[in-house]
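Below is one structure; the comments refer to it alone.
The values are calculated or read from the model by the stated rules, or taken from the named source; none is laboratory data. Because the structure is predicted, anything quoted here is derived from the model rather than measured. So basically every Cβ, Gly included, is an ideal-geometry build from the backbone, and we count neighbours across all protein chains shown. For the accessible areas, the whole protein counts, side chains as well, though only heavy atoms, and no ligand, DNA or RNA atoms are used. Shrake-Rupley method; radii C 1.70, N 1.55, O 1.52, S 1.80 Å.
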Amino acid sequence: ADSAAPTVNVLSALDHMTGEVAWRISGSSSGATYPFAGQFFCGAPLVIDDQLYVVGQQQSELQLVVLRADRGELLWRVALGDVPRLLSADPGRQRLACTPVFDGRYLLCPTGAGGIVAVDPLTRSVAWAHRYGVTVREVAARPRGENTSYLPDAWWNGWREAQVVVDPQRERMFVTSP
């Protein structure tokens, strides 16, 4: 069995009454024109009206991906920045849920990679970005080159969700680095 960390995952829509799959999109597909080729969805989507907003990574590029909620079709996407390591080489980030939050003006996108990015949905562009420090937790070497991707390590003693909380009365948002 291949114990390598996954490089893609699946985003599914289920009928809430029956549990049947309404649609499913995945980063594993052949063909250069497939818009989700190599895509890893970095958390659950935010639902606003008939659109889904989800943070994803394709190769080294983090993106905000916007989909039609009824069909899973790509409407638009915007680059949030680049990361130094592919997700397959960073299993800790694979375990970190990065769900966007809407504050009434911006889509606030946690990256799980040391930053948060605000996207203006009207202009479909980045309004601002803020970097914060992160601690890279490396696991001590395991005997015989054992894959440590799914073993307990110090990372599990930290946060598992990069969540943004918005306080509209104070016009503040709060984010804790993992």
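Going through segment 80-103 one residue at a time, which ones are of a type in the set (S, T, N, Q) and buried (at least 22 other Cβ atoms within 10 Å of the Cβ)?
Of the residues in segment 80-103, the ones of a type in the set (S, T, N, Q) are 88, 94, 99.
The answer is none; no residue qualifies.
What number of residues in segment 62-91 are of a type in the set (S, T, N, Q) and more than 13 Å from the chain's Cα centre (by Cα)? Walk me through it before giving the result.
Taking segment 62-91 and keeping what is of a type in the set (S, T, N, Q), we get 63, 88.
So of that shortlist, the ones also more than 13 Å from the chain's Cα centre (by Cα) come out as 88.
Residues in segment 62-91 being of a type in the set (S, T, N, Q) and more than 13 Å from the chain's Cα centre (by Cα): 1 in total.
Between a residue in segment 9-21 that is within 25 Å of Gln59 (Cβ to Cβ) and any residue that is surrounded by 10 or more Cβ atoms within 10 Å (Cβ to Cβ) and of a type in the set (S, T, N, Q), which pairs come within a Cβ distance under 6 Å, given they are 6 or more apart or on different chains?
Val10/Ser26
Do any strands (runs of 3 or more DSSP E) lying entirely in segment 15-119 carry at least 3 residues that are touching a strand residue (DSSP E or B) at 6+ places or on another chain (Cβ under 9 Å) and closer than 20 Å to Ala129 by Cβ, and which ones are they? Before the answer, list the steps.
Values: elements: 21-26, 39-41, 46-48, 51-58, 61-68, 74-82, 107-110.
Answer list for segment 15-119: 51-58, 61-68, 74-82, 107-110.
Looking at Tyr132, Tyr106, which one is modelled with pLDDT of 90 or more, under 24 Å from Glu61 (Cβ atoms) and either out of contact with any His (no Cβ under 6 Å at 6 or more places or on another chain) or surrounded by fewer than 17 Cβ atoms within 10 Å (Cβ to Cβ) (or both)? Lay out the reasoning, then the answer.
Values: Tyr132 fails: modelled with pLDDT of 90 or more.
Answer to the check: Tyr106.
Look at segment 43-67 and say how many of its residues are open to solvent by 50 Å² or more (accessible area, probe 1.4 Å) and small (Gly, Ala, Ser).
Of all residues in segment 43-67, those open to solvent by 50 Å² or more (accessible area, probe 1.4 Å) come to 44, 47, 49-50, 59, 61.
From what's left, small (Gly, Ala, Ser): 44.
Qualifying residue count for the region: 1.
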